[in-house]
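Inspection log for the structure reproduced underneath, given as C-alpha cells.
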Amino acid sequence: MTAAGLRLLPAGEERLADVVAFVAAAQAQPERHVSFVGVDAGTLRHEFSEVEKWGDRLLVAIDGGDLVGALLADIDEEMRRVWWIGPWATDEDAAIELLSVARSRLGTLFDEEELAPDSRNEPLRSVARRLGFVEDTPSSVLSKVDLAADGSSSTEPMTPADAGTVAELHDAIFVGTHTPGAKLVAAERTRIRVARVDGTTAGYIAFEVQSDGAGYIDYLGVSPGARRRGLARALVADACRELAGEGVPAVHLTVRADAPGALDLYRSLGFVDERVVVPCRFGFTLG
Ligand SMILES: CC(C)(COP(=O)(O)OP(=O)(O)OC[C@H]1O[C@@H](n2cnc3c(N)ncnc32)[C@H](O)[C@@H]1OP(=O)(O)O)[C@@H](O)C(=O)NCCC(=O)NCCS
C-alpha cells in the first residue's frame with residue numbers, strides 16, 4: 001500500500017467499532033503501542049465513544065474499503081499544545097500522511113506537539129524523527145494491583161487551606177509541566193492528599209480514577225527540606241488505600257526514568273515496571 005492510495009477522513013460514529021478493533025490490536029503489541037489511551041477494547045471503546053468531542057480530531061486512513069490507520073489529536077488550545085494519540089498505521093508512509101494531514105488541518109491551534117510511543121515502537125520513533133520531533137528523557141510506566149484497603153493513614157485529604165501551599169510546591173517542583181499548580185488544585189477529577197511536618201504542608205499526591213476505573217497517580221512532590229523522612233511513601237500508600245477502599249482494582253503512574261529516587265520508592269511499594277515510553281516533542285522540550 002502506498003500513501004498515495006489513501007483516503008484520510010474524520011471518523012464518525014459509523015466507524016467507531018472498526019477504529020476500536022484496529023487500535024486495540026495495535027495497542028496490544030509493544031512495537032505499535034502509544035501512550036495516552038488504554039490497551040483493551042472495552043477501555044478504548046469508552047475513550048473513543050466521546051467521538052463528538054473529538055470531532056474532526058479523530059482521523060482515519062482508508063485504503064480500498066480497509067481501515068489502515070488512525071490518529072487522534074488531543075489539543076489544549078489554551079496551552080497551544082497537541083498530544084498526538086497514535087498514529088497507528090500499517091506502514092510508516094501512512095503514519096506520516098496521517099500526521100501531515102492532521103497538522104495542516106489543525107495546525108492553527110497549536111505550536112507545541114508531543115507523541116509518546118512505547119520505546120519498542122521503533123516505526124513511530126522513526127516517523128517522529130523523520131518529521132523533526134526530538135526525543136526527550138524516557139518515562140517508566142508502572143502499575144500495582146491487589147491494593148490493600150486496610151491499615152491507618154498518616155496523610156490527609158487536602159483542605160481549602162492547603163491549596164495555596166500545594167499549588168506553590170507543585171510549581172516549584174514540576175517546572176513547565178502541562179498542569180500548573182492553580183489548575184491542579186482546582187481540577188474537579190483530581191484528588192489530592194497532603195502530608196504535614198509540624199503542621200506545615202510539606203508534601204502532596206495528586207491522583208484520580210480514570211474512565212476505565214483504574215487509579216492513576218498524576219503527581220507526587222515533597223518539599224526539598226522535608227525529603228527522606230517517609231512522606232512520599234506515606235502519601236502513595238494512603239492514596240492506594242483510599243482507592244482500594246472504593247474497589248479500584250489497580251493503580252498506574254508514569255515517572256521520568258531519570259528520577260531514580262521515585263522509581264525506587266514505587267518499586268519498594270510493590271509497583272511493577274510495565275513499559276518505557278519515549279516522549280517525542282516538536283516546538284518545545286521538557287529535557
Ligand atoms: C521523589 C520524592 C517524591 C521522594 O519524596 P520523599 O518524601 O523524600 O521520599 P521518602 O522519604 O518517602 O522515600 C521513600 C523511599 O524512596 C526512595 N528514595 C526517595 N528519595 C530518594 C533519592 N533521592 N534517592 C534514592 N532513593 C530515594 C528510597 O527507597 C526511600 O526509602 P529510604 O529513605 O528508606 O531509603 C521527592 O524526592 C520529590 O518530590 N522529588 C521531586 C519530584 C518527583 O520526582 N516526584 C516523583 C515523580 S511524580
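Here, each number is a calculation from the coordinates, and none is a lab measurement. From a predicted model like this one, the values you see are computed outputs, not experimental measurements. Virtual Cβ from ideal backbone geometry, glycine too; neighbours counted across all protein chains shown.
Among Thr165, Pro10, Val37, whose Cα sits farthest toward the positive end of the charge dipole of the chain (+1 at Cβ of Lys/Arg, -1 at Cβ of Asp/Glu, about the Cα centre)? Comparing the listed Cα positions along the dipole, Thr165 ranks first. In a simple Cβ point-charge model (Lys, Arg +1; Asp, Glu -1; nothing else charged), the chain has a dipole of about 740 debye relative to its Cα centre.
Extending 7 Å from Cα along the Cβ direction at Lys183 and again at Glu168 yields two label points whose distance is 2.2 nm. Modelled label positions at Asp258 and Glu112, each set 7 Å beyond Cα in the direction of Cβ, lie 1.7 nm from each other. Listed from fewest to most Cβ neighbours within 10 Å, the set Ser268, Ser35 follows the order Ser268, Ser35.
Taking every DSSP helix (H) stretch of at least 4 residues in the chain, weighting each as -39,500 (n - 2.57) and dividing the sum by the residue count yields a mean residue ellipticity at 222 nm of -9000 deg cm²/dmol. For segment 253-274, backbone nitrogen atoms closer than 19 Å to the point 7 Å from Val145 Cα along Cα-to-C-beta are found at 253-254, 267-274.
Treat the chain as a sphere of radius equal to its Kirkwood radius over Cα pairs and apply Stokes-Einstein at 10 °C in a medium of 1.306 mPa s; give the translational diffusion coefficient in µm²/s, rounded to a whole number. D, rounded to a whole number, is 79 µm²/s.
Using +1 at the C-beta of Lys and Arg and -1 at the C-beta of Asp and Glu, which of Gln27, Val134, Gly69 has the Cα lying farthest in the positive direction of the dipole of segment 3-135? Ranked along the dipole, the leading option is Val134.
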